[in-house]
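The values are calculated or read from the model by the stated rules, or taken from the named source; none is laboratory data. Treat the numbers as computed from the prediction; the structure is a model and nothing was measured. Backbone-built Cβ (ideal geometry, glycine too); neighbour counts: all protein chains shown. Areas reflect the complete protein model, heavy atoms only, side chains present, ligands, DNA and RNA absent. Shrake-Rupley method; radii C 1.70, N 1.55, O 1.52, S 1.80 Å.
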Amino acid sequence: MARPHPIYDECLALAAASGAHMMAALAGHARRMLARRDDGRSPAVADALLLLDRHEPALRTALPRLLADAFAQGPSAAMAGSDPDSLTLMDDSQLRESLEAARLRKAVAQRLAAALAELDTLLAAVRGLDAARPGGNPLRPEVFLGALRAATGSTQVPPPVQALWLGPMGDALCDALLLLYADVEALLKANMPAVLQAQASEAAARKALAERAPEKAGPAPTAVPAALPPAPRPEVASTPPRMKLLLVDDDKAVVTYLTVKLGKHYEIAGTTQPANALSMARTERPDVILCDIDMPGMSGGEVAAALAADPRTAAIPLIYLTALATPQEMHELQGMVSGRPAVSKKARLSELLAHINNATR
């Protein structure tokens, strides 16, 4: 069996890094659903809302770590710990939670069936497997459900509160996974020609070694085995250097996530200290700056003003990234905030790439 192509590890890194944004989306959905139920007469719902606000930062930190731990164990181990027949999101001793967990697993499986079929095939190919099988895909929804349950359990809030969180979080998980699967598939398809070429070369090399093994006296040391393809000549750098981006966001998880997402296309420099943006722009000389708006100490608008006031950085295009507006709201604003291009943090990667490319034209 061929060795997994390096793009396989890159896919796992992308999936793990997405955990912070995924958790933020799930928590936001849970908050909205709980707010609808909060009629002032249910202390349990009010407590669940209060505790969710308190623990969301820890949840956003925990989920990427738990996903990375699960992926590091390998596909079989990750799936073994997330068997759909044993996984429950609620307290198994309570029939209501058990039935809700079963309903959620079924709903997730049905909605993601088509996306998983293609993802199973692509991941099997980059792992060098002869056929796709669910056990070879560590990105199955059961793994994410297990990590989500572990993340909420790590807060040590009472089980009834976890149950109130996990119901709506599980409902929103399908949409989050569909977005992640689309990004992973795009990454795999873009690299599939290189994957197949590398696997073919590896197979040819193994075949050549196997054919030479029985020989007692090999050819002269300078002879090149006929079965081995000639070594490819190193290509002279004919492509222009990649563009460089400077990421400015006080949330480390956002910088990490965007570094993984955009690192395939651009060179990345990043900082979680907005006050450092001006000095980094001077030294790094990025082609484009992506800057959060709502940051403590120095807002995105203040960063933009400081950059514009310095002749050395005034010409660098700046794009605002914001969680304050949805993609639809940004569309209504014609993609502009305070006269500058802006992208919602909930936008698709293709939209962000389009803004970056447009900024340099």
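Looking at the range 260-274 only, could you name the residues that are open to solvent by less than 40 Å² (accessible area, probe 1.4 Å), hydroxyl-bearing (S, T, Y) and either farther than 18 Å from L187 by Cβ or in contact with a Ser or Thr (Cβ under 9 Å, 6 or more places away or on another chain) (or both)?
Once the filter is applied, which keeps residues that are open to solvent by less than 40 Å² (accessible area, probe 1.4 Å), hydroxyl-bearing (S, T, Y) and either farther than 18 Å from L187 by Cβ or in contact with a Ser or Thr (Cβ under 9 Å, 6 or more places away or on another chain) (or both), the range 260-274 yields only T271.
Considering only the range 318-337, state which residues are out of contact with any helix residue (DSSP H, G or I) (no Cβ under 7 Å at 6 or more places or on another chain) and within 17 Å of L247 (Cα to Cα).
Residues satisfying the conditions are L321, T322, A323.
What do you reckon, is R340 surrounded by 15 or more Cβ atoms within 10 Å (Cβ to Cβ), charged (D, E, K, R) and closer than 24 Å to K244 by Cβ? Before you say what the answer is, go through the steps one by one.
Details: surrounded by 15 or more Cβ atoms within 10 Å (Cβ to Cβ): yes; charged (D, E, K, R): yes; closer than 24 Å to K244 by Cβ: yes.
In short, yes.
From R149, R127, which residue is charged (D, E, K, R) and modelled with pLDDT of 85 or more? Write out each step before concluding.
Values: R127 fails: modelled with pLDDT of 85 or more.
From the options R149, R127, the qualifying one is R149.
Does the range 349-361 hold any residues that are modelled with pLDDT under 85 and either open to solvent by 70 Å² or more (accessible area, probe 1.4 Å) or in a strand (DSSP E or B) (or both), and which are they?
R361
So, T283, is that one surrounded by fewer than 20 Cβ atoms within 10 Å (Cβ to Cβ) and closer than 19 Å to Y266 by Cβ or not? Steps first, answer last, please.
On the way: surrounded by fewer than 20 Cβ atoms within 10 Å (Cβ to Cβ): yes; closer than 19 Å to Y266 by Cβ: yes.
Yes: the conditions hold for T283.
Restricting to the range 327-337, name every residue that is open to solvent by less than 50 Å² (accessible area, probe 1.4 Å) and out of contact with any Asp or Glu (no Cβ under 8 Å at 6 or more places or on another chain). Even if it seems obvious, please write down each step before you answer.
At the first step, the residues of the range 327-337 found to be open to solvent by less than 50 Å² (accessible area, probe 1.4 Å) are 327, 330, 335, 337.
Selection gives M330, G335, V337.
Is it the case, given these coordinates, that T326 is in contact with a Ser or Thr (Cβ under 9 Å, 6 or more places away or on another chain) and under 20 Å from K252 (Cβ atoms)? Spell out the reasoning first.
Values: in contact with a Ser or Thr (Cβ under 9 Å, 6 or more places away or on another chain): yes; under 20 Å from K252 (Cβ atoms): no.
No; evaluated as a whole, the condition is false for this residue.
Just wondering, is there one or more residues in the range 189-202 that are modelled with pLDDT of 80 or more, basic (K, R) and under 23 Å from D69 (Cα atoms)?
No - not one qualifying residue is present in the range 189-202.
Please enumerate the residues belonging to the range 133-156 that are open to solvent by less than 10 Å² (accessible area, probe 1.4 Å) and either at positive phi or in contact with a His (Cβ under 9 Å, 6 or more places away or on another chain) (or both).
T152
Are any of the residues in the range 154-164 of a type outside the set (F, W, Y), part of a helix (DSSP H, G or I), closer than 17 Å to L67 by Cβ and in contact with a Pro (Cβ under 9 Å, 6 or more places away or on another chain)?
Within the range 154-164, the first condition is being of a type outside the set (F, W, Y), and the residues that meet it are 154-164.
Checking which are part of a helix (DSSP H, G or I) leaves us with 154, 159-164.
Now drop any that are not closer than 17 Å to L67 by Cβ, which leaves 154.
Then keep just the ones that are in contact with a Pro (Cβ under 9 Å, 6 or more places away or on another chain); that gives none.
No; the residues of the range 154-164 include none that is of a type outside the set (F, W, Y), part of a helix (DSSP H, G or I), closer than 17 Å to L67 by Cβ and in contact with a Pro (Cβ under 9 Å, 6 or more places away or on another chain).
Can you spot a residue in the range 238-245 that is on the phi < 0 side of the Ramachandran plot, open to solvent by less than 30 Å² (accessible area, probe 1.4 Å) and at pLDDT 90 or above? Reasoning before the result, please.
Here is the first cut: in the range 238-245, the residues on the phi < 0 side of the Ramachandran plot are 238-245.
This time we only want the ones that are open to solvent by less than 30 Å² (accessible area, probe 1.4 Å), so: 245.
If we keep only those that are at pLDDT 90 or above too, we end up with 245.
Taking every residue of the range 238-245 in turn, at least one turns out to be on the phi < 0 side of the Ramachandran plot, open to solvent by less than 30 Å² (accessible area, probe 1.4 Å) and at pLDDT 90 or above.
Out of (1) surrounded by fewer than 17 Cβ atoms within 10 Å (Cβ to Cβ); (2) over 23 Å from the mean Cα position of the chain (by Cα); (3) at pLDDT 90 or above, what's the single condition that is false for K106?
Going through (1) surrounded by fewer than 17 Cβ atoms within 10 Å (Cβ to Cβ); (2) over 23 Å from the mean Cα position of the chain (by Cα); (3) at pLDDT 90 or above one by one, K106 breaks only (3).
From A308, A277, A315, grab the single residue that is under 25 Å from the mean Cα position of the chain (by Cα) and either open to solvent by 10 Å² or more (accessible area, probe 1.4 Å) or within 18 Å of L258 (Cβ to Cβ) (or both).
Numbers: A308 fails: under 25 Å from the mean Cα position of the chain (by Cα); A315 fails: under 25 Å from the mean Cα position of the chain (by Cα).
Just a single option satisfies the conditions, and that option is A277.
How about the range 288-305: which of its residues are crowded, with 17+ Cβ neighbours inside 10 Å and of a type in the set (A, V, I, L, M)? Steps first, answer last, please.
Within the range 288-305, the subset crowded, with 17+ Cβ neighbours inside 10 Å is 288-293, 295, 298, 300, 303-304.
Those that are crowded, with 17+ Cβ neighbours inside 10 Å and of a type in the set (A, V, I, L, M): V288, I289, L290, I293, M295, M298, V303, A304.
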